[in-house]
Amino acid sequence: MELSRRALLCATASVALVPIVPLIAATASDPWDQAARIVRDIKRTRFPDVDFPITQFGARAEKGHDNSRAIEAAIGAAHDAGGGRVVVPPGIWESGAIHLKSNVNLHVQFGATIAFSTRPEDYPPVFTRWEGIELINYSPLVYAHGQENVALTGGGTLDGQAGPDNWWPWKGPWGGTVDHGWREGMPDQRPARNRLFQMAEENVPPDQRLFGKGDYLRPAFVQFYACNRVLIEGVKLRRSPFWQLHPVLCRNLVIRGVDIMSHGPNNDGCDPESVDMVLIEDCTFDTGDDCIAINSGRNADGRRLATAARNIVIRNCRMKEGHGGVVVGSQISGGAHHVYAERCVMDSPDLWYALRFKNNALRGGLLEHFYFRDIKVGQVSKAAIACDFNYEEGANGSHKPILRDIVVQRLTVARTNRVLDSQGFPGAAVGSLRLEDCRFDGVSQPSLMVHSPDVTLVNVRVNGRPTDRLA
């Protein structure tokens, strides 16, 4: 794959673009006071009241017409003018990769659909992160790198058009709920994925990790990389190739009122990775993997950047199908702390867990200070809460995972197989978990607690009966 000079510059500048700021002081006795400060102190986007309709730059809502250049021209004009709103009006607009610039709000109006090409060549190489590892690979469908004051808004739809005849078969074998098109003998991502992981362990510079044609590493749908003051609001995401919303190394990020539905392989809803000062609210997730999965880099690459995901507030969201509602990990080697989730509703026979932590001895990382309250769960299929140190490689590594200070208040569950599935391993016990004023009904199996000694119950009921122990 030919690598542009811009991609190389982006690669070498990536870490420098991350703002380094002190953690908000947690001086109050109530941790939710800090959540309120996070929401209050997020620096918001602001744009000049000037519109740049893509139709003025040659865009046409015609089948077979590629609007990539017209959208690029509109974004460039708005940026050069000092900022504004690039407007996508009602209609179906075909396009390849869209790259946003500072002070530009890409506004997809209600009734508008951006139908993204399924041709890999329409996504030129950029500096990106794939499963927690930096590399050069296909551009995400919507992408921004190192930009300031940037947004994706509107009531319209972004359609990745992924399915069993494109993108999804690159996964290879998969046990999901939809046919993703792969059959034995077809090429897939596994050889390239293994090579990428090995390059990271050997500390190959990220700008020398060149992937693309013939490697089958699917691009993310929407990725803002090392950006400051970001807004994603109101849009609908459908049929994603891979992870759907993937903000990386961003600060001052608001994701509001986004409707995400795609059941393909690894179709996580939102993966905020190594981010700081984040609000996710009023969103709907119906996904082929975790709904929200907080990450901070994988293995050696996560430790190299050493940038935790922190100061994240999640509220008033709805989770339907997925592997987990609010999840931390497993690409979590940079650590995570001060995460808050409240007033969310979760319900589906195909939702595995409500709250889920996943880590292992290859990832490591310090995970602490997680607070959940007023979570209402109709049905989950496996357990209400999972703390899993045996995910994938499990104890086979030299980096001890640490998980502690989890407080869950007023979690109600109508139906679940288990209340808790908590599994550490020798030398790496799961740390403190406190459940307060929680109710779990429809529980059919006892909780699993392995190397998980520190669980506190205060006013907890299981199948209508008060209990002071889960095992």
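Computed from the coordinates by the stated procedures, all read-outs in this text should not be read as laboratory data. Note that the structure is predicted; figures quoted are calculated from it, not measured. Neighbour counts are summed over all protein chains in view; Cβ atoms, including those assigned to glycine, are modelled from backbone coordinates with ideal geometry.
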Pair Glu148, Gln109: separation of 7 Å Cα→Cβ label points (nm):
3.2
Can you work out the FRET efficiency for the pair Val345 and Val450, with r the C-beta to C-beta distance and R0 = 41 Å, to the nearest 0.05?
0.85
Leading residue at positive end of dipole, the chain (Cβ point charges), from Tyr371, Ile332, Ala384:
Tyr371
Of the listed peptides 239-252, 33-46, what is their order by residue-averaged count of other C-beta atoms within 10 Å, with the highest listed first?
239-252, 33-46
Dipole magnitude (debye, nearest 20) for the chain, charges at Cβ of Lys, Arg, Asp, Glu
500
Mind ranking 314-327, 394-407 by how tightly packed they are, going by the mean number of other C-beta atoms within 10 angstrom, highest first?
314-327, 394-407
Among 165-175, 213-223, 88-98, what's the highest-first ranking by average C-beta atoms within 10 angstrom per residue?
213-223, 88-98, 165-175
Report the one residue of Pro125, Ala112, Ile292 whose Cα lies farthest in the direction of the positive end of the charge dipole of segment 5-346 (charges on C-beta: Lys and Arg +1, Asp and Glu -1; origin at the Cα centre).
Pro125
In Å, the Kirkwood hydrodynamic radius from C-alpha pairs for the chain sits at 22.4
Taking 0.36 nm per residue of separation between Asp437 and Asp282 and subtracting their Cα-Cα distance, the length gained on full extension comes to 53.4 nm
When only C-alpha pairs under 8 Å and at least 6 residues apart count, what is the relative contact order of the chain, in percent?
9
Calculate the length of the line joining the C-alpha centroid of segment 354-383 to that of segment 232-263, in whole Å.
20
Cα gyration tensor shape of segment 183-248, rounded if a/c is under 1.5, else prolate or oblate by comparing a/b with b/c
oblate
Would you please name the GluC sites (Glu not before Pro) within segment 373-471 that are DSSP coil residues with at most 15 other C-beta atoms within 10 Å of their C-beta?
Glu392, Glu393
With both partners inside the chain, how many of the DSSP beta bridges are antiparallel, as a percent to the nearest 5?
10
Please tell me which of these pairs span more than 23 angstrom C-alpha to C-alpha: Lys43/Lys101; Lys63/Lys101; Lys376/Lys400; Lys213/Lys236?
Lys63/Lys101; Lys376/Lys400; Lys213/Lys236
